[in-house]
1. For residues in region 32-81 being of a type in the set (Ser, Thr, Tyr) and surrounded by 13 or more Cβ atoms within 10 Å (Cβ to Cβ), which is farthest from ALA212 (Cα to Cα)?
2. State all residues of region 133-161 that are buried (at least 18 other Cβ atoms within 10 Å of the Cβ) and within 30 Å of LEU207 (Cβ to Cβ); if no residue qualifies, say none.
3. Hey, can you tell me all the residues within region 108-127 that are open to solvent by 10 Å² or more (accessible area, probe 1.4 Å) and touching a Lys or Arg at 6+ places or on another chain (Cβ under 9 Å)?
4. What number of residues within region 185-210 satisfy the criterion of being open to solvent by 60 Å² or more (accessible area, probe 1.4 Å), touching a residue at least 12 places away in the same chain (Cβ under 8 Å) and not in a helix (DSSP H, G or I)?
5. If we keep just the residues of region 262-291 that are closer than 22 Å to ALA94 by Cα and touching a strand residue (DSSP E or B) at 6+ places or on another chain (Cβ under 8 Å), which is modelled with the lowest pLDDT?
6. From THR129, THR116, THR141, grab the single residue that is of a type in the set (Ser, Thr, Tyr), touching a Leu at 6+ places or on another chain (Cβ under 8 Å), closer than 27 Å to ASN243 by Cβ and at pLDDT 90 or above.
7. For residues that are open to solvent by 40 Å² or more (accessible area, probe 1.4 Å) and charged (D, E, K, R), scanning just region 236-261, find the one that is modelled with the highest pLDDT.
8. Starting from region 211-231, keep only residues that are over 16 Å from ALA244 (Cα atoms), then list their pairs with residues that are among the acidic types (Asp, Glu) whose Cβ atoms are within a distance under 7 Å, requiring at least 6 positions of separation or different chains.
Amino acid sequence: MKRIFLFLATNLAVIVVMSIILNLLGANRFLAGSGINVPQLLIFSLVVGFTGSFISLLMSKWMAKQSTGAYVIDPNNPRNQQEAWLVSTVHQLADNAGIGRPEVAIYEGEPNAFATGAFKNDALVAVSTGLLATMNQEEVTAVLGHEVAHVANGDMVTLTLIQGVVNTFVVFFARIVGYFVDRVLLKNDRDGVGPGYYAAVIVCEILFGVLASMIVAWFSRLREYRADAGAAQLLGSPRPMINALARLGGIETSDLPKSFEAAGIAGGRSLGALFASHPPIEDRIRALQQH
């Protein structure tokens with residue numbers, strides 16, 4: 001519940017800050033005495049909705065490193081044999097997937113892994129110490145293949161675009177409802193909008209933001225199946241990925257920071273299946289068995 005609240009609060013903060021900045025710049029001209037200028041409101045909503053998503057995407061690698069304390073391995077000077085193997089394996093998988101070689105990092109934590117980055121040829125793949133200590137090399141390779149498949153599929157960009165679209169609808173319809181409340185329900189006939197408009201906008205942004213999170217989570221679950229299939233293709237067999245998922249299903253996995261939890265191999269526990277960034281492991285194994 002706490003993670004869900006923080007996630008929604010962060011999204012709301014981005015929308016509010018962008019709205020204030022644009023209002024100060026005079027971009028709120030969609031409000032007129034005769035009604036709402038819908039084309040101008042749509043442009044306003046697009047700017048607010050997509051700005052936060054793209055800023056998060058461009059900062060994703062830095063945010064991931066800071067949030068997890070990940071140590072990026074120097075590919076030319078690994079500290080030990082395990083680091084050398086990790087770099088070599090990720091680079092080989094990236095070469096097979098036809099993408100640029102990602103940075104490879106290790107972070108302290110329970111079993112998990114993630115991939116992030118704004119560009120296919122400049123990504124980051126990180127694994128936790130818990131995952132390396134729990135899985136054998138074949139299973140770790142499968143997890144790495146899963147993360148490389150995320151990068152090759154362009155999943156970070158896809159999710160960013162989806163988040164931008166749903167944010168746009170949140171901003172747009174929140175203001176439509178706010179204007180309706182102000183003019184029709186509260187019968188405000190003065191020039192400009194009253195406090196009821198702003199109160200309704202904030203409430204609607206929260207409520208619509210919850211619905212938007214469900215949509216983004218649904219797309220996130222779909223891409224996990226694709227990444228699992230991508231790992232099977234890169235390794236030439238679904239068996240290593242099935243074994244890795246089965247092992248994950250029997251151990252405690254860490255909750256990644258919510259801002260990039262969807263990039264992990266195992267999603268954090270969520271408030272209900274509608275908010276889950278990952279499908280149940282049993283369903284993922286079943287899909288691979290039918291692959």
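1. TYR71
2. ASP155, MET156, LEU159, THR160 - these are the residues of region 133-161 that are buried (at least 18 other Cβ atoms within 10 Å of the Cβ) and within 30 Å of LEU207 (Cβ to Cβ).
3. Of region 108-127, the ones open to solvent by 10 Å² or more (accessible area, probe 1.4 Å) are 108-110, 118-122.
Across region 108-127, the qualifying residues are ALA118, ASN121, ASP122.
4. 1
5. It comes out as ALA263.
6. Step by step, each of THR129, THR116, THR141 is checked, and only THR141 is of a type in the set (Ser, Thr, Tyr), touching a Leu at 6+ places or on another chain (Cβ under 8 Å), closer than 27 Å to ASN243 by Cβ and at pLDDT 90 or above.
7. Top of the filtered list is ARG239.
8. Short answer, once both residue conditions are applied: ARG223/ASP155.
The values are calculated or read from the model by the stated rules, or taken from the named source; none is laboratory data. These figures come from a predicted structure and were not determined experimentally. Here the Cβ is made from the backbone with ideal geometry for all residues, glycine too, and neighbour counts use every protein chain on show. Accessible surface areas use protein heavy atoms only, side chains included; no ligands, DNA or RNA. Shrake-Rupley method; radii C 1.70, N 1.55, O 1.52, S 1.80 Å.
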